């Protein structure tokens, strides 16, 4: 729970987009702990299987997200969220 | 007794690592603290008798995703970033929103503890030596009842891989 | 307070054996690594028709100790702009990962730190993948472009070959049916044939991939191109450098142990479950007596008195080891009642001997390759990993799976399984050659098309 909240703080409050992505990973991890703990409690292995899928999904999303960041960085030379204002009017 | 001590140890490292991670100025330091948090999370998994998930977390998350993050940080990190303000403009609003969320979750925990028969089920977990070997159990479940999500996950990973390669390619 | 001491005592009572193994390994490992380096230098000298370190101690045998003392008393230089936290952390990561990987291995039927780990081999492979961080963070912390490039290259190489190594292990694991290390070795015992024979392509792939994984021999571009002058280890001096060094050789031992466990039969002697070959049990003591005899024979030819005495001492030591090895084998003949109580020692000591023997053979092969084959260029290295080894290992997994199904359909067991797996291996090799030829055609076409940018990122 604490991990989840810290991750949310990280996502909202940091400027560096890479740190934002890392905070998202933190949120997913908190969810995983929850899943595994309840899977142990109920003796059902489905929680662990779901956590496995969450990890795989997090990997995919991190890869794509970092690809986007690299592509953006090539154009704009910045990783700070404040300066990514291409869509601003 | 040992179980409790181990859990508090790992949980403490996880929370401390996460707290340090969102407050570091240097992105590489943040990455290192995230690695610490992920390793502590893996320890919690191991303690909950989820050995397969423990090792999958280490191989995929720490050994894969974090390596990816560190590569990108090193390719992208200009020293300029070190001297700038680290929190975004909306930090006070964000802090208030997060505190509200925390308060909400806290109230939820507190009140459900008080309602008769509707609180969190205080079951005791199955004793550890009666659990089947974990990797086998996960594999059995993964390849029988959850086969379709498994296949979809592999398609997802393939799509993500292709997408990442396409996006990060240099324009010829 | 009383509860805490009680809990600690309970813990010690339950886990004294793994703790003892752990302490022994941590104490002995740096010494062993030092002597492996000495053996490597002696071997290199032998293959280059010279003598190697001869000055320090008789025949250079105290050389590792001299090196260790030198490294410990060297000045610890930290570059000015280096990141203090990361600079401190990087070698710690490498060594920590390597030692933790050793903790998951079984060096004998009873010598294992993480006892009966359900996910044995996966644990070892995963933790040794954490060593990549030590390299990357080390290159970053040095705050110099060359270190960073070297580190990124090295970690790219490690990550690429990790996939191939993992898939090769999966083929072996298909034959074993379990991830638990003791069960894998027992499976090879019950099958009667080592999995290296049943899945030779997998063994070959793992051999090549493990050489790349440990930054060794033909794949050591990141560490030897500028011969450590501009690799990721440049700015680390003294004790920090020795930590990196320790982690590299420990990784070699880990990788050799994994290959031995899965492909070479672990701690089983050759033909472990064939009764009439039980005379092979006498091999270890006979080998040690042979070495002792050789030392005694060469003694008169030594130039100085000190070296003669030293040869006699070595002969005596080998003789004592031979006695220790022979005791569990000979005692049942002398006193048949002792057979039962002697059996676990017997399995343990002889198992340890055979394990060390096989790991040494694997490491000898590593060193042999290092002194024989010229280095691969980085793009050739990456091409070999991605274009050849990964398709080969994936095809091998599928082919070995099919072979297992065929073998179980015809109820083939043990050596008879070779009938099913050999055609499978041949198929995989043919597919690999096809892939290689396609890849070479592509490469020729690419190289003639444009001057492409191989060292980018």
Query raised in the report: If you scan segment A:36-56, which residues turn out to be more than 16 Å from residue B:47 (Cα to Cα) and at the interface with chain B (Cβ under 7 Å from one of its Cβ atoms)?
Result: A:46, A:49, A:52, A:53, A:55, A:56
**Report entry** Scope segment B:133-160; condition modelled with pLDDT under 85 and within 9 Å of chain A (Cβ to nearest Cβ); matching residues
**Finding:** B:134, B:137, B:138, B:140, B:141, B:142, B:145, B:146, B:149, B:150
Requested in this report: Restrict the check to segment C:239-247 and report whether at least one residue is surrounded by fewer than 17 Cβ atoms within 10 Å (Cβ to Cβ) and modelled with pLDDT of 75 or more.
Outcome: yes
Query raised in the report: Which is more than 7 Å from chain B (Cβ to nearest Cβ) and within 19 Å of residue B:65 (Cα to Cα), of A:33, A:27?
Result: A:27
Requested in this report: Report whether or not residue B:76 is at the interface with another protein chain (Cβ under 7 Å from one of its Cβ atoms), over 24 Å from residue B:157 (Cα atoms), at pLDDT below 85 and buried (at least 17 other Cβ atoms within 10 Å of the Cβ).
Outcome: yes
Requested in this report: Kindly list the number of the only condition in (1) modelled with pLDDT under 80; (2) within 7 Å of chain B (Cβ to nearest Cβ) that fails for residue C:142.
Outcome: (2)
**Report entry** Positions within segment B:1-22 being surrounded by 18 or more Cβ atoms within 10 Å (Cβ to Cβ) and either part of a loop (DSSP other than H, G, I, E, B) or outside the structural domain of residue B:53 (by TED's automatic domain parsing) (or both), in sequence order
**Finding:** B:22
Report task. Scan (1) at pLDDT 85 or above; (2) within 7 Å of chain A (Cβ to nearest Cβ); (3) over 16 Å from the mean Cα position of the chain (by Cα) for the single condition residue B:34 breaks and write down its number. Result -> (3)
**Report entry** Near pairs, Cβ below 6 angstrom, 6+ apart or cross-chain, from segment C:1-22 (closer than 15 Å to residue B:3 by Cβ) to any residue that is surrounded by 12 or more Cβ atoms within 10 Å (Cβ to Cβ)
**Finding:** C:7/B:1
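Results for (1) in contact (Cβ under 8 Å) with a residue 12 or more places away in the chain; (2) part of a helix (DSSP H, G or I); (3) under 19 Å from the mean Cα position of the chain (by Cα), shown as yes or no for each residue.
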{"site": "C:128", "(1), (2), (3)": "yes, yes, yes"}
{"site": "C:133", "(1), (2), (3)": "yes, yes, no"}
{"site": "C:147", "(1), (2), (3)": "yes, yes, no"}
{"site": "C:152", "(1), (2), (3)": "yes, yes, no"}
{"site": "C:161", "(1), (2), (3)": "yes, yes, yes"}
{"site": "C:164", "(1), (2), (3)": "yes, yes, yes"}
{"site": "C:173", "(1), (2), (3)": "yes, yes, yes"}
{"site": "C:179", "(1), (2), (3)": "yes, no, yes"}
{"site": "C:186", "(1), (2), (3)": "no, yes, no"}
Query raised in the report: Any chance segment C:353-373 includes a residue that's within 30 Å of residue C:324 (Cβ to Cβ), at pLDDT 80 or above, buried (at least 17 other Cβ atoms within 10 Å of the Cβ) and touching a strand residue (DSSP E or B) at 6+ places or on another chain (Cβ under 9 Å)?
Result: yes
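The values are calculated or read from the model by the stated rules, or taken from the named source; none is laboratory data. Being a predicted model, the structure only gives us computed values, none of them experimental. Glycine gets a Cβ as well: all are built from the backbone with ideal geometry, and neighbour counts include every protein chain shown.
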